[in-house]
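Trainee: Pasting a structure here, questions to come.
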């Protein structure tokens, strides 16, 4: 989870032109919820994947799979990006 968080922060600072990054870690019903959000420029997730870009995103998803976590990435142009990890 640490490496996923580091990658999200690095991507947000490098590409998103965000003013803030929010990191929330919760423990509910014997599960850990990690939510990462920024208020950056956002991007089209589908188009990004189709163009084979985003090695960092692929690595985050693989790391989530390794630890048995769900991986949910959402982004909208002009509205920022959100990543949720549940384990």
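The values are calculated or read from the model by the stated rules, or taken from the named source; none is laboratory data. Treat the numbers as computed from the prediction; the structure is a model and nothing was measured. A quick note on method: Cβ atoms are made from the backbone with ideal geometry, for glycine too, and the neighbour counts reach across all protein chains shown.
Trainee: Just for the stretch 8-24: of the residues that are more than 16 Å from residue 54 (Cβ to Cβ) and in contact (Cβ under 8 Å) with a residue 24 or more places away in the chain, which one is surrounded by the most Cβ atoms within 10 Å (Cβ to Cβ)? Give the steps one after another, and end with the answer.
Mentor: Here is the first cut: in the stretch 8-24, the residues more than 16 Å from residue 54 (Cβ to Cβ) are 17-24.
Retained after the next criterion (residues that are in contact (Cβ under 8 Å) with a residue 24 or more places away in the chain): 17-18.
Details: 17: 12, 18: 19.
Here the residue is 18.
Trainee: Okay, moving on. In the stretch 49-73, what count of residues is obtained for those that are in contact with a strand residue (DSSP E or B) (Cβ under 8 Å, 6 or more places away or on another chain) and over 14 Å from residue 12 (Cβ atoms)? Lay out the reasoning, then the answer.
Mentor: Of the stretch 49-73, the ones in contact with a strand residue (DSSP E or B) (Cβ under 8 Å, 6 or more places away or on another chain) are 57, 60-61, 64-65, 69-73.
If we keep only those that are over 14 Å from residue 12 (Cβ atoms) too, we end up with 61, 64-65, 69-72.
Matching residues across the stretch 49-73 total 7.
Trainee: Oh, and also: Is it true that residue 36 is in contact (Cβ under 8 Å) with a residue 60 or more places away in the chain and touching a helix residue (DSSP H, G or I) at 6+ places or on another chain (Cβ under 6 Å)? Write out each step before concluding.
Mentor: Values: in contact (Cβ under 8 Å) with a residue 60 or more places away in the chain: no; touching a helix residue (DSSP H, G or I) at 6+ places or on another chain (Cβ under 6 Å): yes.
For residue 36, the condition - in contact (Cβ under 8 Å) with a residue 60 or more places away in the chain and touching a helix residue (DSSP H, G or I) at 6+ places or on another chain (Cβ under 6 Å) - is not met.
Trainee: In this structure, does residue 37 turn out to be more than 13 Å from residue 84 (Cα to Cα) and at pLDDT 95 or above?
Mentor: Numbers: more than 13 Å from residue 84 (Cα to Cα): no; at pLDDT 95 or above: yes.
So residue 37 does not fit the description; no.
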